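The values are calculated or read from the model by the stated rules, or taken from the named source; none is laboratory data. The structure presented is a predicted model; accordingly, all values stated were derived computationally and were not measured. As a convention, Cβ positions derive from the backbone with ideal geometry for all residues, glycine included, and neighbour counts pool all protein chains shown.
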Amino acid sequence: MLDRILVVDDEPIVLEILSEVLSREGFQVGRAPTAQAALDLLARDPHELVLCDIRMPGMDGFEFLRRVHRAYPATDVVLMTGYASLDGAIDAMALGAVDYLIKPLRRKEVVARIQAILQRRRLEAELHALQSELRSRYEIHNVVAFSTRMRAVVSAVRRVADLADPVFLSGEPGVGRRFVARTLHFSSKRREAPIGVVQCANPFHADIATEIFGVVKNGRRVYRGQVDRCRGGTLHLAEPECLPHEAQRRLARALREGTYVPVDGSENQPLEARLSFSLSAPLGELIERGTLVADFAALERVVAIALPPLRERIEDLPGLAVAFVDGYALDHGPSLRITAEALRTFKSYAFPGNVSEFFAILGHAARNSLDGALSPELVERSFRQAQPGNAVASGGAVAVVPMADQLGDREYQLVLRAVNRHPGHLDQAAKELGISRTTLWRRMRKYGITLREQRDVARMS
């Protein structure tokens with residue numbers, strides 16, 4: 001779709017030249033000799049951008065700008081004048097003009113300024129779309145909560161979403177503490193404000209206190225901390241028990257007093273961001289161990305929410321599988337299909353890596369699926385490779401699967417599907433694969449594919 005630009009000027013030669021220049025650049029150009037004619041045209045046919053002269057008979061450019069902003073807030077206006085002055089430029093920008101051009105106009109300058117404005121509009125539209133997508137992804141109805149314990153978590157999030165009290169989310173690694181923190185933010189009245197995340201255990205932070213609180217030297221702000229960037233929104237601190245005790249005391253003092261002091265600063269700043277925390281264990285337990293300072297125990301109002309491990313909410317597995325499939329389609333395009341038989345692979349498994357591990361196993365299976373079907377055989381194979389000590393490291397982090405294993409998964413899929421398409425006719429299966437019957441037998445032995453397994457899979461499909 002062409003970008004539409006409306007040119008408003010009482011001089012016919014300016015209308016003619018600007019229309020010709022902009023049309024050559026691929027824009028769809030409208031013309032109006034007066035501000036009133038331009039308003040009439042906008043009422044019939046909205047435009048993305050208007051170039052309007054300031055000095056015109058009747059309604060001038062400033063009044064036109066005011067009316068456009070009231071009636072068509074999505075339309076940007078650039079004012080033009082042959083009587084340049086600093087006051088005029090200030091007035092134009094104060095009224096909301098996106099730019100101010102001085103006549104005589106230079107072709108390259110006009111085109112460059114217009115392209116910059118339209119590019120900014122496109123970036124803002126993309127940002128708005130991404131923010132809307134982010135908000136929708138973390139809406140509270142997306143939390144899988146068929147189990148009693150997760151329903152209690154959802155109820156707690158709804159109850160405290162609009163409070164200002166700090167929130168401590170505790171649970172094992174991989175249970176979804178950061179997801180719930182974002183859900184808490186996007187379920188609150190702060191949803192339009194920023195949310196920031198600081199990984200307190202990140203070894204690459206040169207100065208974690210500076211990252212959180214910022215730096216002010218000699219009355220000049222040198223670095224804006226996350227508490228300032230997230231003003232009016234939420235700042236989530238993951239694993240604050242890994243912070244130096246001095247930084248922990250500074251945080252506790254900020255929560256207690258409602259103000260904070262930037263590093264190297266002397267003036268208190270209001271704490272206008274809500275703080276949430278991911279803890280590896282309940283707050284009281286971490287204080288007893290000495291990993292969190294006792295100052296946190298003195299806080300008057302705190303919210304503590306404990307997230308259950310996946311082994312204690314197994315009834316949520318089907319819902320989590322659906323959430324993974326939906327998220328995979330959103331991020332990668334192709335849709336996936338997973339059956340109840342495939343989910344039975346996880347029966348009685350303790351999930352040391354919790355939801356993160358479950359998603360990692362399904363992700364491995366999805367990457368190796370030929371047609372988007374997560375069959376019981378493929379899920380079981382991915383599950384075996386992701387057993388603790390193989391693919392899942394401590395904390396639910398998934399190690400890189402060697403390329404040889406990935407290629408083996410693809411070959412396994414190809415062989416299994418070929419023999420299933422030709423049950424009892426291995427010659428035809430070998431011909432489809434472009435290999436000999438003997439080589440096919442070797443591949444079947446390599447991957448443990450038996451004739452009985454073929455018949456069972458054929459009956460299920």
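Pick out, from region 265-369, the helices (runs of 4 or more DSSP H) lying fully within it that include 1 or more residues that are outside the structural domain of Phe146 (by TED's automatic domain parsing) and out of contact with any Leu (no Cβ under 9 Å at 6 or more places or on another chain). Break it down stepwise before answering.
Numbers: elements: 283-289, 317-332, 340-343, 354-367.
The helices (runs of 4 or more DSSP H) meeting that bar are 317-332, 340-343, 354-367.
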Are there any pairs with C-beta distances below 6 angstrom linking a residue in region 57-75 that is surrounded by fewer than 14 Cβ atoms within 10 Å (Cβ to Cβ) to a residue that is among the polar types (S, T, N, Q), with the two at least 6 apart or on different chains, and if so which? Gly58/Thr34
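Would you point out the residue of region 289-313, among those that are free of Cβ contacts under 8 Å to residues at least 60 places away in the same chain and surrounded by fewer than 18 Cβ atoms within 10 Å (Cβ to Cβ), that is nearest to Asp162 (Cα to Cα)?
So the first thing to find is which residues in region 289-313 are free of Cβ contacts under 8 Å to residues at least 60 places away in the same chain, and the list is 289-298, 300, 311.
From the residues that got through so far, the ones that are surrounded by fewer than 18 Cβ atoms within 10 Å (Cβ to Cβ) too are 289-290, 294-295, 297-298, 300, 311.
Working: Arg289: 31, Gly290: 31, Ala294: 27, Asp295: 25, Ala297: 23, Ala298: 22, Glu300: 18, Arg311: 31 Å.
For region 289-313, the residue satisfying everything is Glu300.
Answer yes or no as to whether Ile195 is more than 17 Å from Ala254 (Cβ to Cβ), in contact (Cβ under 8 Å) with a residue 24 or more places away in the chain, surrounded by 18 or more Cβ atoms within 10 Å (Cβ to Cβ) and touching a strand residue (DSSP E or B) at 6+ places or on another chain (Cβ under 9 Å). Don't jump to the end; show me each part of the working.
Details: more than 17 Å from Ala254 (Cβ to Cβ): yes; in contact (Cβ under 8 Å) with a residue 24 or more places away in the chain: yes; surrounded by 18 or more Cβ atoms within 10 Å (Cβ to Cβ): yes; touching a strand residue (DSSP E or B) at 6+ places or on another chain (Cβ under 9 Å): yes.
Taking the combined requirement at face value, the residue satisfies it.
For residues that are touching a residue at least 60 places away in the same chain (Cβ under 8 Å) and closer than 21 Å to Arg311 by Cβ, tally how many sit in region 352-375.
To start, the set of residues in region 352-375 that are touching a residue at least 60 places away in the same chain (Cβ under 8 Å) comprises 353-357, 375.
Of the ones still in play, those that are also closer than 21 Å to Arg311 by Cβ are 353-357.
Qualifying residue count for the region: 5.
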Being free of Cβ contacts under 8 Å to residues at least 40 places away in the same chain and not hydroxyl-bearing (Ser, Thr, Tyr) is the filter here, so list the residues in region 336-351 that pass it. Leu336, Arg337, Ala340, Ala342, Leu343, Arg344, Phe346, Lys347, Ala350
All positions within region 1-29 that are surrounded by fewer than 19 Cβ atoms within 10 Å (Cβ to Cβ), touching a Leu at 6+ places or on another chain (Cβ under 9 Å) and under 21 Å from Lys103 (Cα atoms): Ile17, Val21
Thr34: within 23 Å of Ala116 (Cβ to Cβ), assigned by TED's automatic domain parsing to the domain that holds Ile117 and of a type in the set (Val, Ile, Thr), yes or no? no
Conditions (1) free of Cβ contacts under 8 Å to residues at least 12 places away in the same chain; (2) over 26 Å from Val153 (Cα atoms); number of the one not met by Asp326: (2)
Being surrounded by fewer than 16 Cβ atoms within 10 Å (Cβ to Cβ), without any contact (Cβ under 8 Å) to a residue 60 or more places away in the chain and hydroxyl-bearing (Ser, Thr, Tyr), is that true of even one residue in region 253-267? yes
All positions within region 423-437 that are in contact with an Asp or Glu (Cβ under 7 Å, 6 or more places away or on another chain) and under 13 Å from Ile449 (Cα atoms): none
What are the residues in region 261-276 that are closer than 14 Å to Thr234 by Cα and charged (D, E, K, R), if any? Glu272, Arg274
(1) in contact (Cβ under 8 Å) with a residue 40 or more places away in the chain; (2) surrounded by 21 or more Cβ atoms within 10 Å (Cβ to Cβ): which one isn't true of Gly225, the others all being true? (1)
